[in-house]
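**Q** Got a structure for you, written out below as structure tokens; questions coming shortly.
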Amino acid sequence: MNSNIEKQYSRETPTRTAEALGQSEKFLEFQERLSRVAPVNRPVLLLGERGTGKELAAGRLHYLSNRWPKSFLTLNCSALSPSLIESELFGYEKGAFTGAAQRRVGRFEAADGGTLFLDEIGNIPLEVQEKILRVVEYYSFERVGSSESIEVDVRIIAATNADVKALAAGNLFKQDLLDRLSFEVLIVPPLRERREDILLLANFFAGRMAVELGGEEIPQFSPEAADALESYHWPGNVRELKNVVERAVYRSDSLKISEIIFDPFFSPYETQAPELKPDSSGTDAGLSDESDHLLKPMEEAVWDLKVQMLEKALANSKFNQKKAAKLLGLTYHQFRGLYRQYKANE
């Protein structure tokens, strides 16, 4: 790769591999599968929810392969319009279209000998998928506006949080390309399946944020804050955890972090949720019909009611357990005892 291409694409290489931390069984199983396929010179498809760290996994695949001395380039296919994806991937010749004042090298050509990571592949137009398939099969392509064939040696790693099999079944993704990209399919585990890793990651993010703010000591989470972090469902996964922890560190006036705000949009000026009103059938909305409880043993019916009230309080408090306890008229420790029972019976 010449110096101009290096300068153009050097910013693409991720450097935050330290965030790929974990000690849970699910995390270690995933890393073992990743390490096993990394040296195999074949495409890999990464599937996972948003925020699980698919780009970090792609970077690890590259740096554990024999291609590690060469370039690792990325393209987020959801960040570009369909008309731009082709020219970004394959480059273009001068005069190929309006505004093409000079030749531009695309990602495939720049990644020759290395790895190209295609994030959110479900957004790639079908006509571009056809050209990618040709690269995968024949290792050659043409720049936009040129008939000259260019040969490259590039390993493709692709990722998506979409149901790519459903896209292929609906003719929105080429089945042939999906077959070629899925030599190995790695599913990145969501954070809710890695609960043993939550505090490990939280302490890492807290320490790094403290250093960024000029602190000399690492903040510590109170038992209540640690419990809140470990019991939250983390729909945004590791990315959301990072934001929540960094926000908690910067807002804290001491090295003991006691308050965790999961939803930064939650207004402290909102009143409690309005009382439930009977629906047209005469039952309380959101609660089971009274007759349902009468058909159960008293202990079971009482537990069902506790679960409904607990779930509603958590939803109304945006999963802030202290606020949920207050809504239920419980102390925090009473709430934690109820919550542990609830989790044990899930």
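The values are calculated or read from the model by the stated rules, or taken from the named source; none is laboratory data. The shown structure was predicted, so the numbers you read here are calculated from the model rather than taken from an experiment. Cβ placement follows ideal geometry from the backbone for every residue including glycine, while neighbour counts extend to all protein chains displayed.
**Q** Out of Gly145, Gly91, Gly99, report the one residue that is buried (at least 20 other Cβ atoms within 10 Å of the Cβ) and at positive phi.
**A** Gly91
**Q** Within the range 153-184, track down each residue that is surrounded by fewer than 17 Cβ atoms within 10 Å (Cβ to Cβ) and of a type in the set (A, V, I, L, M).
**A** Within the range 153-184, Ala162, Ala166, Ala169, Leu172 qualify.
**Q** Of all the strands (runs of 3 or more DSSP E) wholly in the range 117-174, which have at least 2 residues that are within 17 Å of Ile85 (Cβ to Cβ) and within 26 Å of the chain's Cα centre (by Cα)? Lay out the reasoning, then the answer.
**A** Working: elements: 140-142, 149-151, 155-160.
In the range 117-174, 155-160 are the strands (runs of 3 or more DSSP E) which contain 2 or more residues that are within 17 Å of Ile85 (Cβ to Cβ) and within 26 Å of the chain's Cα centre (by Cα).
**Q** Here's a follow-up. Quick one: which of Asp197, Asp253, Asp227, Asp179 is modelled with pLDDT of 95 or more, more than 23 Å from Gly53 (Cα to Cα) and either among the acidic types (Asp, Glu) or within 19 Å of the chain's Cα centre (by Cα) (or both)?
**A** Just a single option satisfies the conditions, and that option is Asp179.
**Q** Looking at the range 240-265, which of its residues are in contact with a Lys or Arg (Cβ under 7 Å, 6 or more places away or on another chain) and part of a helix (DSSP H, G or I)?
**A** If the condition is that a residue be in contact with a Lys or Arg (Cβ under 7 Å, 6 or more places away or on another chain) and part of a helix (DSSP H, G or I), then no residue fits.
**Q** Since His62 meets every condition but one in (1) crowded, with 21+ Cβ neighbours inside 10 Å; (2) on the phi > 0 side of the Ramachandran plot, which condition does it not meet?
**A** Just one mismatch for His62, condition (2).
**Q** Only one of these is assigned by TED's automatic domain parsing to the domain that holds Ser81, modelled with pLDDT under 95, under 25 Å from Phe97 (Cβ atoms) and surrounded by fewer than 19 Cβ atoms within 10 Å (Cβ to Cβ): Glu137, Glu127. Name it.
**A** Exactly one of Glu137, Glu127 is assigned by TED's automatic domain parsing to the domain that holds Ser81, modelled with pLDDT under 95, under 25 Å from Phe97 (Cβ atoms) and surrounded by fewer than 19 Cβ atoms within 10 Å (Cβ to Cβ), namely Glu127.
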